[in-house]
């Protein structure tokens, strides 16, 4: 299948995720629980619907999710 | 002050009902309970717990600074340390103010970390854009080019992109257009734009979300197959 990375990325940023999503405040409120569920290998997306979609659509929340996951995940390895 | 400004719209689109699905939080683990009891103490224990919490938050803030350091080559080490300390100070105030909000859905330390990471990330994004103009108009549509498409695919892409650019100009309100272009086309960080427009992240994301929904609806009504062009992750 033909790759269309530039258009896909650009359209993704413009049009955002397709499904329902939480907002930034709800994302922040749930982020700690979401990360711990992820690190425990559980289905965080099913437990907190709409948060994964928000992370796909909001670069700032996505960065903070990645940081929290890396920080807490790194501690668990110690 | 919490960088997200929690007084704004909490949910967007039809997700409101989703929050009712959230189960009751589990009981606190022993370590989290100890944190809460210590922080609520009025004696030396309380002061010691606050000092421990600040050290924890400073570690998280430094972690965030270290992750972002490659994007901030012009900042000296002492400036980055100042940012980390300021982020830890602000996060400490947020955590103490919102202590009653913690109900054990995660470990206390995970809950507290997110405040420090947020404060540090917001400060660093703003610092990176300090003194730079925030572009609110398209700087070009060059990113919408894919080389090597077959003629049929290229015609389909051209139609989609022309319709989209037209919709951005005609379907969106001026505010929605400025926000969409700044965030999704020009890559302005949402916290930077929020500061320049005297609003907050939650309100701006709601505007972005509404603009995106309008564009999707417009394209779908014209029979344009978005699935072909988007990597929809479910």
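The values are calculated or read from the model by the stated rules, or taken from the named source; none is laboratory data. As the structure is a computational prediction, the values presented were derived from the model and not from experiment. Using ideal geometry, Cβ is built from the backbone for each residue, glycine included, and neighbour counts are taken over all protein chains shown.
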Among the residues of region B:120-170, which ones are surrounded by 15 or more Cβ atoms within 10 Å (Cβ to Cβ), at pLDDT 90 or above and more than 29 Å from residue B:81 (Cβ to Cβ)? B:167, B:168
Evaluate the following for residue B:106: is it in the same structural domain as residue B:35 (by TED's automatic domain parsing) and outside any helix (DSSP H, G or I)? yes
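Here is a yes/no grid of residues against (1) assigned by TED's automatic domain parsing to the domain that holds residue B:121; (2) under 23 Å from the mean Cα position of the chain (by Cα); (3) in contact (Cβ under 8 Å) with a residue 40 or more places away in the chain:
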site	(1), (2), (3)
B:152	no, no, no
B:159	no, no, yes
B:167	no, no, yes
B:174	no, yes, no
B:180	no, yes, no
B:185	no, yes, yes
B:202	no, yes, yes
B:207	no, yes, no
B:218	no, no, yes
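Let's see how each residue does on (1) touching a residue at least 40 places away in the same chain (Cβ under 8 Å); (2) at positive phi; (3) more than 8 Å from every other protein chain (Cβ to nearest Cβ):
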residue	(1), (2), (3)
B:77	no, no, yes
B:83	yes, no, yes
B:86	no, no, yes
B:91	no, no, yes
B:95	yes, no, yes
B:99	yes, no, yes
B:103	yes, no, yes
B:107	yes, no, no
B:114	no, no, no
Check residue A:47 against each of (1) over 17 Å from residue B:116 (Cβ atoms); (2) within 7 Å of chain B (Cβ to nearest Cβ); (3) surrounded by fewer than 22 Cβ atoms within 10 Å (Cβ to Cβ) and name the one condition it does not meet. (2)
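To keep it simple, each residue is scored yes or no on (1) at pLDDT 95 or above; (2) at the interface with chain B (Cβ under 7 Å from one of its Cβ atoms); (3) outside any helix (DSSP H, G or I); (4) on the phi < 0 side of the Ramachandran plot.
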| position | (1), (2), (3), (4) |
| --- | --- |
| A:3 | no, no, yes, yes |
| A:7 | no, yes, no, yes |
| A:30 | yes, no, no, yes |
| A:35 | yes, yes, no, yes |
| A:42 | yes, no, yes, yes |
| A:63 | yes, yes, no, yes |
Among (1) in contact (Cβ under 8 Å) with a residue 12 or more places away in the chain; (2) surrounded by fewer than 16 Cβ atoms within 10 Å (Cβ to Cβ), there is one condition residue B:54 misses while meeting the rest; what is its number? (2)
Restricting to region B:215-230, name every residue that is in a helix (DSSP H, G or I) and surrounded by 17 or more Cβ atoms within 10 Å (Cβ to Cβ). B:215, B:216, B:218, B:219, B:229
